[in-house]
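Bear in mind that the values in this text are calculations on the coordinates, not laboratory data. This structure is a prediction, so every number in the text was calculated from the model and none was measured. Cβ placement follows ideal geometry from the backbone for every residue including glycine, while neighbour counts extend to all protein chains displayed.
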Amino acid sequence: MIDEIRRIQAESTRRIDGAATLDELGELQRDLFGKASELGGLKKQLGGLAPEARREAGLAMNEATEALRTALDGRRSILEASARRAQADAERLDLTEVRAGRDAGHLHLVTQTIEELEDVFVGLGFTVAEGPEVEDDWHNFTALNFGQFHPARDMQDTFFVGLGEPKEVVMRTHTSPVQIRVMEGQAPPIYSVMPGRVYRNEATDSTHLAVFHQLECLVVDEGVTFAHLAGTIDRFTKAYFGPGWTSRLRPSYFPFTEPSAEFDIQRPDGTWLELGGCGMVHPNVLANCGIDPEAFSGFAFGFGLDRLAATRHGVTDLRELASTDIRFLEQF
Ligand code: FA5
């Protein structure tokens, strides 16, 4: 009987190794261990053997059963792995796929807006600069003439980063810190624009986002006046929106400009949109960056890019700009 058991074991092992699918393997398992199996038939005969022969045949039977179960498990893992591979291959997305007759994707409306504005300003003789989104207190506030306990710090609801001294590292609340980086890194004359993403800890609604975009403009040179500021804002309003659009300035307050103003643009239907802040660069800010305020003056402005893009394209809820809804995104 022992020879018979060994023969079944060898044959069954070959069949297990040759099983091509998990279904086939399942069937084989039932064949090998089911009631009608060859091994099952031999097991029933064990009782009729002499005690010594029964013990040896029983041992051989257990060994064969265990070896076959191990072989089944091994083959199952191999087949399962290749089934997973086949499924992954079948479900793989080709992200480089080009849909017939159209591009697979395009730049987001805000990115398009940034690029278009960069073109407008480069055409006016400006260079483009960038700064980090995680800022230190010096660049985001202190160098911009925000007093340490000045309530103006509360004008911008700040996200603090848990690094360094408490409240030392922030997600930048505006693009104005890039002004400081530009002035620290280069001597006047400076004609720079600085687009980028900014962060504020505020509730979102149709006209407010917690993560949005601004574009900052900075000019520092000899003899720069408020008239240059107003003229530049009006120039870019017409270049971006068209000749029917105008801008206006209203007195306001920012610690880093003096005098300061807010500027609005007027749509052709006569309504106004608050777009940004501006003013003459405060002498303290120039001095903080090592620029002599007696020799140079400058103007700066910064505005919300999301609002600008939404206005031009008739988007009535800014939150759409942060959505991943392809039906919205495809329109631009
Ligand atoms: C500033 O951020 C100043 N740094 C602007 C500035 C630059 C003034 C240079 C002087 C000189 P303010 O917090 O007002 O200012 O924001 C500027 C513009 O960003 C707003 O007019 C608005 O268009 C946009 N903005 C502000 N908060 C949000 C928000 N939560 N969601 C979308 N746009 C916003």
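Given axes a ≥ b ≥ c from the Cα gyration tensor, I'd like to know whether segment 47-186 is rounded (a/c under 1.5), prolate (a/b larger than b/c) or oblate. Numbers along the way, then the final one.
Numbers: a/c = 6.49, a/b = 2.46, b/c = 2.63.
Oblate, since a/c reaches 1.5 and b/c is not below a/b.
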Can you compute 3J(HN,Hα) from phi for each residue in segment 293-302, using the Karplus curve 6.51 cos²θ - 1.76 cosθ + 1.60 with θ = phi - 60°, rounded to whole Hz and x for Gly and Pro? x, 6, 8, 10, 10, x, 10, 9, 9, x
Starting from the Cα of His108, step 7 Å along the direction of its Cβ; do the same at Arg250; then give the gap between the two resulting points in nm. 2.9
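For segment 187-332, which semi-axes, largest first and in whole Å, follow from the square roots of 5 times the eigenvalues of its Cα gyration tensor? Each step should come with its number before you reach the end.
On the way: eigenvalues 182, 62, 35 Å².
Listed largest to smallest, the semi-axes of segment 187-332 are 30, 18, 13 Å.
Just to verify a number: FRET efficiency for Ala322 and Asp89, C-beta to C-beta distance, R0 = 30 Å, to 0.05?
Details: r = 34 Å, r/R0 = 1.14.
Working from the Cβ atoms, E equals 0.30.
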The long-range amide H neighbours of Val169, using H built 1.01 Å from N in the peptide plane and a cut-off of under 5 Å, are Val161, Leu163
Under 5 Å, built H, 5+ apart or other chain: amide partners of Val128: Val193
Rh (Kirkwood; distinct C-alpha pairs) - segment 196-282, Å: 14.4
Mean Cβ count within 10 Å, highest first, over the residues of peptides 133-140, 317-324: 133-140, 317-324
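Using only C-alpha atoms and all pairs of different ones, pull out the Kirkwood radius for segment 2-91 in Å with one decimal. Please report the intermediate quantities before stating the final value.
Values: mean 1/r = 0.0697 Å⁻¹.
By the Kirkwood definition, the hydrodynamic radius is 14.3 Å.
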If packing is taken as the average count of other Cβ atoms within 10 Å, what order do 220-232, 245-257 fall into, highest mean first? 245-257, 220-232
Add -39500 (n - 2.57) for each DSSP H run of 4 or more in the chain, then divide by its residues: what number comes out at 222 nm, to the nearest 500 deg cm²/dmol? -13500 deg cm²/dmol
How fast does segment 104-175 diffuse by Stokes-Einstein, in µm²/s, taking the Kirkwood radius from C-alpha pairs at 37 °C and 0.692 mPa s? 224
Under a point-charge model restricted to the Cβ atoms of Lys and Arg (+1) and Asp and Glu (-1), what is the dipole moment magnitude of segment 2-91 relative to its Cα centre, in debye to the nearest 20? 260
Which of the three applies to segment 153-208, rounded, prolate or oblate, going by the alpha-carbon gyration tensor with a ≥ b ≥ c and a/c under 1.5 meaning rounded? oblate
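What is the dipole size for the chain, taken about its Cα centre, with +1 at each Lys and Arg Cβ and -1 at each Asp and Glu Cβ, in debye to the nearest 20? Can you show the working numbers first?
On the way: 33 positive and 52 negative charges, 289 e Å.
Dipole size: approximately 1380 debye.
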Compute a Gaussian network model of the chain, connecting alpha carbons closer than 10 Å, and tell me which residue from Asn284, Asn201, Asn62 fluctuates the most. Asn62
Is any residue of segment 191-229 close enough, with backbone N under 17 Å, to a label point placed 7 angstrom from the Cα of Lys167 along the Cα-Cβ axis, and if so, which? 201
Which whole number in µm²/s is D for the chain by Stokes-Einstein, with the Kirkwood Rh taken over Cα pairs at 20 °C and 1.002 mPa s? 83
Just to check I understand the Karplus step: with θ = phi - 60° and J = 6.51 cos²θ - 1.76 cosθ + 1.60, what whole-Hz values come out for segment 38-43, glycine and proline as x? 4, 4, x, x, 5, 4
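Considering Cα pairs under 8 angstrom that are at least six residues apart, work out the relative contact order of the chain and quote it in whole percent. List each step's numbers first, then the result.
Values: 485 pairs, mean separation 46.1, N = 332.
Taking the mean separation of contacting Cα pairs over the length of the chain, I get 14 percent.
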FRET efficiency for Lys44 and Arg69 from the Cβ-Cβ distance with R0 = 30 Å, rounded to 0.05, comes out at 0.90
For segment 234-247, Karplus-derived ³J(HN,Hα) couplings (6.51, -1.76, 1.60; θ = phi - 60°; whole Hz; x for glycine and proline) come out as 5, 4, 6, 4, 6, 5, 7, 8, x, x, x, 9, 10, 10
